[in-house]
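See below for the structure under consideration.
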Amino acid sequence: MTDGEKSNDTAPANGGEIEVTGQDVNNLQADTVTIRYGRANEIRAKTALISLAGVGRVEADTVELRQTGAQRVQGNAVTIRQGGAVQAGAESLSITQGGLVFAETTEANLTASNAGAILASGNVKLNQSMARAVISRGEVTMDQSGGGIIMGRNVSTGDNSGTILMVAGRVTGNVNAVFGPASSAAFGAAFALVLALVLWLKRRLVD
């Protein structure tokens, strides 16, 4: 198939590697899928490398998006560079100069990026980034970053960081919050309330 040609065919899961350049395809399944300057509705792979393209749904152990927009991304390790996703689910999520609407992850690391809501069971790091809501059962670290709602078992803030509402069991560093940190006794109840709100927002935004 030549570059620039459109196709609605489905590439079956037969292992090996599929590389697409300048094509529109439907479904791709392989050990490694690489797309450049194209578009795909659905990708299932062990490794998905997508650049300067658009995708609907991606499921892979390792996902890397570069200057790419995706609707839904699911993987163990998800990396977004100068791209964005509506919804992401990952064990490890890394975003550099990118953005997303909603993420469920074990840990997240954002640099010069924007996020709607992040729900994490582990640690979240914001470096020169903005998140409207971060809810973490681990530690939230902020450096030159801002947030609407920040909740974490422990919250560590660096210089030039602020938030509207902060709820934390323990806070380290300077806190610039409209509504200050809650005590650890109130953390559980507040966590459940805000979690319900974020899950409601998820259904509104990505369903």
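Nothing in this text is a laboratory measurement; each read-out follows from the coordinates by a stated rule. This is a predicted model, so every value here is computed, not measured.
Key figures
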| quantity | calculated |
| --- | --- |
| Gain on full stretching of the segment that runs from ASN160 to GLN97 - 0.36 nm per residue minus C-alpha separation | 20.8 nm |
| Antiparallel content of DSSP bridges confined to the range 28-87, in %, to 5 | 0 percent |
| Dimensionless Rg/Rh of the range 18-165 - Kirkwood Rh, Rg from C-alpha atoms | 1.02 |
| Alpha-carbon centroid distance for the pair the range 123-159 / the range 67-87, whole angstrom | 20 Å |
| Extension gain from ASN41 to THR172, taking 0.36 nm per residue of separation minus the Cα-Cα distance | 42.7 nm |
